Amino acid sequence: MMGKLIEFFKKHPIIKTLVQMVIVFFLLIGITLYGLKLYTRHGKAVLVPDVKAMALPDALRILDREGFRYDIIDSLFIDEAVPGTVVEQTPAGGSKVKEGRIVYISINAYSPRMITCPKVVDMSMRQALSLLESRGLNDVRIQEVPSEYPDLVMGLQYQGETLQAGDKVPAGSSLTLLVGNGVPEVYTDSTTDEEAPQAMDTESLTDESWFN
């Protein structure tokens, strides 16, 4: 039987070539699928440890022990969280993932991030609020001040102190935006009669007691 098959292929070399190509094709598919299965560890999953609220060294030690890689992607500042602890992780604790998966974590900073104040004086209130928001300064209180130009920004304050462009404030700070109310400030003469110079008594100048 084998001899007849060999003889057949000798007489029909094109068919022989086609059969060889089909065999090679299926062999390549089989090798590829097997390699992919080994690479992805198909069907084998592990639980991600929950490291939120842990101190960073403890969290990294647990991830190492469980065979996970990790990447610290961000540093936040949250008043309620303990500085130096993990505040976010992806994938979340308890998730089923493949072995060796990277766990992305964010930690709580030891001090708030500082933000540089932009120049907002002489801008419209809307422009200033939009610019401050783009810098991450969202807690802004509006205070109207006397000015003939309504909605024109006259200044920016933090804790009662006037800020200049380039000054830095902690992220999450509450700022006060001084905005004109369209009513110019009226200045009045506060001089009173009591403050006016008193005329000297001419009689006292000629009083003989001055010469005694």
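What to note about this one:
- Distance in nm between pseudo-label sites at Asp167 and Val97 (7 Å out along the Cβ direction from Cα): 4.4
- Point-to-point label distance, Thr17-Leu36, nm (Cα→Cβ direction, 7 Å offset): 3.0
- Stokes-Einstein diffusion coefficient of the range 31-153, Kirkwood radius over Cα pairs, 10 °C, 1.306 mPa s, in µm²/s: 86
- Fraction of antiparallel bridges per DSSP, the range 114-180 only, in percent to nearest 5: 65
- Size of the range 46-108 as Cα extents on the principal axes (Å, biggest first): 34, 17, 17
- Stretched out straight at 0.36 nm per residue, the stretch from Glu148 to Glu88 would grow longer than its current Cα-Cα span by 16.7 nm.
- A simple rule links phi to the HN-Hα coupling: the Karplus curve 6.51 cos²θ - 1.76 cosθ + 1.60 with θ = phi - 60°, which for the range 162-178 gives 6, 9, 10, 4, x, 5, 10, 10, x, 4, x, 5, 8, 10, 10, 9, 8 Hz, with x for Gly and Pro.
Just so you know, all these numbers are worked out from the coordinates, no wet-lab data involved. Just so you know, these numbers come straight off a predicted model, no measurement behind them. Methodologically, a virtual Cβ is constructed for each residue, glycine included, from the backbone with ideal geometry; neighbour enumeration extends over all protein chains shown.
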